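Shown next, in structure tokens, is the structure this report addresses.
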Amino acid sequence: MRNQPPGDPSGRVSLADLNEAAEMVRELKKPGAMARFVNWSRKHSLWPMPFGTACCAIEFMGMVGSSLDLSRFGAEFVRFSPRQCDLMIVAGTITGKMAPVLKTIYEQMAEPKWVIAMGACACTGGMFNTYSVLQGCDRIIPVDYYVPGCAPRPEAVLYAILELQKRIGNETRVLTSKERLREPWIRGIKGRGRSPKDRLLHGGDQ
């Protein structure tokens with residue numbers, strides 16, 4: 001019986017292998033095959049840009065460790081140079097002074113690029129409902145996947161990356177910039193209005 005990889009007791013996670021690549025090459029003459037090949041290459045060569053500011057960054061370290069081994073999915077090439085990265089993982093609290101830095105790093109990243117908000121602080125500001133903490137990083141940059149928790153388990157972030165790889169594999173017009181389409185995803189401080197957390201803490205909509 002084949003040993004199952006750590007963190008995947010079901011064994012249903014499919015990794016990139018030479019047979020899959022060879023099958024992709026054999027179908028290059030079919031319509032749309034080149035786009036599928038580009039998507040296959042992109043989803044198995046993600047370069048994460050970890051923006052870790054708090055305890056969630058420790059959980060991210062656990063994800064790239066030997067226990068879960070993110071390298072099995074081709075997404076372990078962590079680099080702190082935004083011009084070489086295409087996946088930003090926001091892990092931790094984002095204060096008002098950090099927000100411009102976060103946005104600058106996102107704008108410097110190579111296209112196509114994606115964002116995962118890891119933890120309650122990155123998603124909604126977490127327990128810090130104060131003027132100095134950004135109530136969700138999606139107020140300034142678009143977010144593809146939200147991973148709830150304080151702090152979330154590494155398996156949860158790994159699941160978000162797997163779901164992102166599925167989305168990348170089904171993308172169309174692979175050589176076209178999608179940033180214009182991603183701009184409406186940014187909620188913004190004025191356009192978003194009161195957050196659900198604010199309504200829960202203070203009640204009412206007035």
Matching option when the condition is within 24 Å of Ser66 (Cα to Cα), of a type outside the set (D, E, K, R) and in a helix (DSSP H, G or I), among Ala117, Ala151, Ala156: Ala156
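Looking at the range 63-101, which of its residues are among the small types (Gly, Ala, Ser) and surrounded by 15 or more Cβ atoms within 10 Å (Cβ to Cβ)? It would help to see each step written out before you state the result.
We begin by selecting, within the range 63-101, every residue among the small types (Gly, Ala, Ser); these are 65-67, 71, 74-75, 81, 91-92, 96, 99.
Answer for the range 63-101, where residues must be among the small types (Gly, Ala, Ser) and surrounded by 15 or more Cβ atoms within 10 Å (Cβ to Cβ): Gly74, Ala75, Ala91, Gly92, Ala99.
Could you list, in sequence order, the residues of the range 85-98 that are out of contact with any Leu (no Cβ under 6 Å at 6 or more places or on another chain) and either within 18 Å of Ile161 (Cα to Cα) or in a loop (DSSP other than H, G, I, E, B) (or both)?
Just the residues of the range 85-98 that are out of contact with any Leu (no Cβ under 6 Å at 6 or more places or on another chain), to begin with: 85-86, 88-93, 95-98.
Once the filter is applied, which keeps residues that are out of contact with any Leu (no Cβ under 6 Å at 6 or more places or on another chain) and either within 18 Å of Ile161 (Cα to Cα) or in a loop (DSSP other than H, G, I, E, B) (or both), the range 85-98 yields Cys85, Asp86, Met88, Ile89, Val90, Ala91, Gly92, Thr93, Gly96, Lys97, Met98.
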Some residue of the range 117-127 being modelled with pLDDT under 90 and surrounded by fewer than 17 Cβ atoms within 10 Å (Cβ to Cβ): yes
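Go through the range 106-131 residue by residue and tally those that are closer than 17 Å to Val147 by Cβ and touching a Ser or Thr at 6+ places or on another chain (Cβ under 6 Å). Walk me through it before giving the result.
Going through the range 106-131, the residues closer than 17 Å to Val147 by Cβ turn out to be 114-127.
Narrowing the set further to residues that are touching a Ser or Thr at 6+ places or on another chain (Cβ under 6 Å) leaves 121.
The qualifying residues number 1.
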Residue count for the range 68-99, restricted to those that are at pLDDT below 80 and over 24 Å from Ile168 (Cα atoms): 0
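Taking the options Ala120, Ala35, Ala110, name whichever one is under 22 Å from Pro152 (Cβ atoms) and of a type outside the set (Ser, Thr, Tyr).
On the way: Ala35 fails: under 22 Å from Pro152 (Cβ atoms); Ala110 fails: under 22 Å from Pro152 (Cβ atoms).
Of the residues listed, the single one that is under 22 Å from Pro152 (Cβ atoms) and of a type outside the set (Ser, Thr, Tyr) is Ala120.
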Filter pass, Phe128 being hydrophobic (A, V, I, L, M, F, W, C), over 29 Å from Val38 (Cα atoms) and not in a helix (DSSP H, G or I): yes
Test: Ala91 is touching a residue at least 12 places away in the same chain (Cβ under 8 Å) and within 28 Å of Tyr131 (Cβ to Cβ): yes
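Please find, among Glu59, Glu76, the residue that is of a type in the set (Asp, Glu), touching a helix residue (DSSP H, G or I) at 6+ places or on another chain (Cβ under 6 Å), under 21 Å from Cys121 (Cα atoms) and not in a strand (DSSP E or B). Even if it seems obvious, please write down each step before you answer.
On the way: Glu76 fails: under 21 Å from Cys121 (Cα atoms).
None of the others qualify; the one that does is Glu59.
Could you grab me the full set of residues in the range 151-165 that are in contact (Cβ under 8 Å) with a residue 40 or more places away in the chain and either under 17 Å from Leu46 (Cβ atoms) or not small (Gly, Ala, Ser) (or both)?
Passing the criteria: Pro152, Arg153, Pro154, Glu155, Val157, Leu158, Ala160, Ile161, Leu162, Leu164, Gln165.
The values are calculated or read from the model by the stated rules, or taken from the named source; none is laboratory data. Because the structure is a prediction, the values reported are computed rather than measured. Cβ sites come from the backbone with ideal geometry, for glycine too, and all protein chains shown count toward neighbours.
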